[in-house]
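Peer 1: For reference, the structure I am asking about is given below.
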Amino acid sequence: MAVQISPSILSADFARLADEAARVEGVADWLHVDVMDYHFVPNLTLGLPVVEALLKATSTPIDCHLMIDDPDRWAPGYAEAGASSVTIHAEAAKAAVRTLRAIRAAGARAGLALNPATAVDGYEDLLPEIDMLLVMTVEPGFGGQGFLDIMLPKIARARTLIDKHGGEIWLQVDGGVSAETVERCAAAGADVFVAGNAVYGSDDPARAVRELRALAERA
Ligand code: DX5
Ligand code: ZN
């Protein structure tokens, strides 16, 4: 499994998003865009119009993480707009299979995210419907939180289930991923690493991406 780094623009300067995207272009595999609606999580960020603007401003593929109450209604629109990956939360979707299929039908990779308290074991049957499983390593809603070590066994269990299933499913981790924690995530079986504060809180985001990649590959 190849290591991929997805910097989260949640920690970037929202007044200069095109410039911030450019700082990791050619270095990052993805640009992680956190969509929050004040309902599923207690924070509000951005929506489809800003994603559409970002798609025009960068050549880096967009990885949309939808922390919203009604992904069944809104997720396909992000895929239709051109996001290359769209992730919905298992806790929010009322018709996850239909929505995951709609995301794929619109040409994007379909992701399923699990909050820290959501066990991965109940989702084994959904693996054929997804291209990426996202194990949250903080409670979603804010950047810069401390990594939850208690999620490491869950990452390992998710890796076992994915390997048993045998498909080409990526395992993403999001929350508190940094130079201090990325190796443990990789050792547990993650292969796509979201990092907000560790990348955009640094003086040199491109260097931070390269460092995270090197650490994950070494693990
Ligand atoms: C949190 C978001 C994350 C956030 C991660 O709910 O889903 O993508 O940007 O930020 P860090 O890496 O700073 O924990
Ligand atoms: Zn995220």
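The values are calculated or read from the model by the stated rules, or taken from the named source; none is laboratory data. Bear in mind the structure is a predicted one, so any value in this text is a computation, not a measurement. Using ideal geometry, Cβ is built from the backbone for each residue, glycine included, and neighbour counts are taken over all protein chains shown. Heads up: the accessible areas ignore ligands, DNA and RNA and are worked out on the full protein's heavy atoms, side chains in. Shrake-Rupley method; radii C 1.70, N 1.55, O 1.52, S 1.80 Å.
Peer 1: Looking at the range 32-51, is at least one residue surrounded by fewer than 17 Cβ atoms within 10 Å (Cβ to Cβ), outside any helix (DSSP H, G or I) and either β-branched (V, I, T) or within 12 Å of ligand 1 (Cβ to nearest atom) (or both)?
Peer 2: Yes.
Peer 1: Within the bounds of the range 127-135, is there any residue that is within 18 Å of the chain's Cα centre (by Cα) and either near ligand 1 (Cβ under 10 Å from one of its atoms) or open to solvent by 60 Å² or more (accessible area, probe 1.4 Å) (or both)? Write out each step before concluding.
Peer 2: Within the range 127-135, the subset within 18 Å of the chain's Cα centre (by Cα) is 127, 129-135.
Then keep just the ones that are either near ligand 1 (Cβ under 10 Å from one of its atoms) or open to solvent by 60 Å² or more (accessible area, probe 1.4 Å) (or both); that gives 134.
For the range 127-135, residues within 18 Å of the chain's Cα centre (by Cα) and either near ligand 1 (Cβ under 10 Å from one of its atoms) or open to solvent by 60 Å² or more (accessible area, probe 1.4 Å) (or both): present.
Peer 1: Looking at A187, A208, can you tell me which residue is farther than 18 Å from M1 by Cα, assigned to a helix (DSSP H, G or I), away from ligand 2 (no atom under 16 Å from the Cβ) and of a type in the set (G, A, S)? Working first, answer last.
Peer 2: Working: A187 fails: farther than 18 Å from M1 by Cα.
So the residue among A187, A208 that is farther than 18 Å from M1 by Cα, assigned to a helix (DSSP H, G or I), away from ligand 2 (no atom under 16 Å from the Cβ) and of a type in the set (G, A, S) is A208.
Peer 1: Are any of the residues in the range 144-160 within 15 Å of ligand 1 (Cβ to nearest atom), under 30 Å from R23 (Cα atoms), open to solvent by less than 10 Å² (accessible area, probe 1.4 Å) and touching a residue at least 60 places away in the same chain (Cβ under 8 Å)?
Peer 2: No; the residues of the range 144-160 include none that is within 15 Å of ligand 1 (Cβ to nearest atom), under 30 Å from R23 (Cα atoms), open to solvent by less than 10 Å² (accessible area, probe 1.4 Å) and touching a residue at least 60 places away in the same chain (Cβ under 8 Å).
Peer 1: Going by the structure shown, is D174 within 14 Å of ligand 2 (Cβ to nearest atom), of a type in the set (D, E) and touching a residue at least 60 places away in the same chain (Cβ under 8 Å)?
Peer 2: Numbers: within 14 Å of ligand 2 (Cβ to nearest atom): yes; of a type in the set (D, E): yes; touching a residue at least 60 places away in the same chain (Cβ under 8 Å): yes.
For D174, the condition - within 14 Å of ligand 2 (Cβ to nearest atom), of a type in the set (D, E) and touching a residue at least 60 places away in the same chain (Cβ under 8 Å) - is met.
Peer 1: Criterion first (aliphatic (A, V, I, L, M) and either open to solvent by 60 Å² or more (accessible area, probe 1.4 Å) or part of a loop (DSSP other than H, G, I, E, B) (or both)) does V177 satisfy it?
Peer 2: Details: aliphatic (A, V, I, L, M): yes; either open to solvent by 60 Å² or more (accessible area, probe 1.4 Å) or part of a loop (DSSP other than H, G, I, E, B) (or both): yes.
Yes: the conditions hold for V177.
Peer 1: What are the residues in the range 1-31 that are open to solvent by less than 20 Å² (accessible area, probe 1.4 Å) and in contact with a helix residue (DSSP H, G or I) (Cβ under 7 Å, 6 or more places away or on another chain), if any?
Peer 2: If the condition is that a residue be open to solvent by less than 20 Å² (accessible area, probe 1.4 Å) and in contact with a helix residue (DSSP H, G or I) (Cβ under 7 Å, 6 or more places away or on another chain), then I5, P7, I9, A12, E20, A21, V24, A28, L31 are the ones that fit.
Peer 1: Can D34 be described as within 12 Å of ligand 2 (Cβ to nearest atom), under 16 Å from L10 (Cα atoms) and touching a helix residue (DSSP H, G or I) at 6+ places or on another chain (Cβ under 9 Å)? Give the derivation first.
Peer 2: Numbers: within 12 Å of ligand 2 (Cβ to nearest atom): yes; under 16 Å from L10 (Cα atoms): yes; touching a helix residue (DSSP H, G or I) at 6+ places or on another chain (Cβ under 9 Å): yes.
So D34 passes the test.
Peer 1: Further, regarding this structure: If you go through the range 8-28 one residue at a time, do you hit one that is part of a helix (DSSP H, G or I), basic (K, R) and more than 14 Å from ligand 2 (Cβ to nearest atom)?
Peer 2: If we filter the range 8-28 for residues that are part of a helix (DSSP H, G or I), which is where we start, we get 9-11, 14-22.
In the following step, the residues that additionally are basic (K, R) were identified as 16.
Subset that is more than 14 Å from ligand 2 (Cβ to nearest atom): 16.
Checked against the condition, which is being part of a helix (DSSP H, G or I), basic (K, R) and more than 14 Å from ligand 2 (Cβ to nearest atom), the range 8-28 yields at least one hit.
Peer 1: Can I ask one more? E180: of a type in the set (D, E, K, R) and more than 15 Å from ligand 1 (Cβ to nearest atom), yes or no? Quick ask: steps written out before the conclusion?
Peer 2: Working: of a type in the set (D, E, K, R): yes; more than 15 Å from ligand 1 (Cβ to nearest atom): no.
For E180, the condition - of a type in the set (D, E, K, R) and more than 15 Å from ligand 1 (Cβ to nearest atom) - is not met.
Peer 1: In the range 113-155, how many residues are over 21 Å from A187 (Cα atoms) and not in a loop (DSSP other than H, G, I, E, B)?
Peer 2: Adding up the residues that qualify gives 8.
Peer 1: Between residues in the range 29-44 that are among the aromatic types (F, W, Y) and residues that are assigned to a strand (DSSP E or B) and open to solvent by 10 Å² or more (accessible area, probe 1.4 Å), which pairs lie under 9 Å by C-beta distance while being six or more apart or on different chains?
Peer 2: W30/Q4; Y38/L44
Peer 1: On to the next question. Filter the range 99-125 for residues that are open to solvent by 70 Å² or more (accessible area, probe 1.4 Å) and either without any contact (Cβ under 8 Å) to a residue 40 or more places away in the chain or farther than 30 Å from D149 by Cα (or both) and give the result.
Peer 2: Of the range 99-125, the ones open to solvent by 70 Å² or more (accessible area, probe 1.4 Å) are 101, 104-105, 117, 121, 125.
Result: R101, R104, A105, A117, D125.
Peer 1: Follow-up. Restricting attention to the range 65-90, which residues are without any contact (Cβ under 8 Å) to a residue 40 or more places away in the chain and not aliphatic (A, V, I, L, M)?
Peer 2: Correct list: D69, D70, P71, D72, R73, W74, P76, G77, E80, G82.
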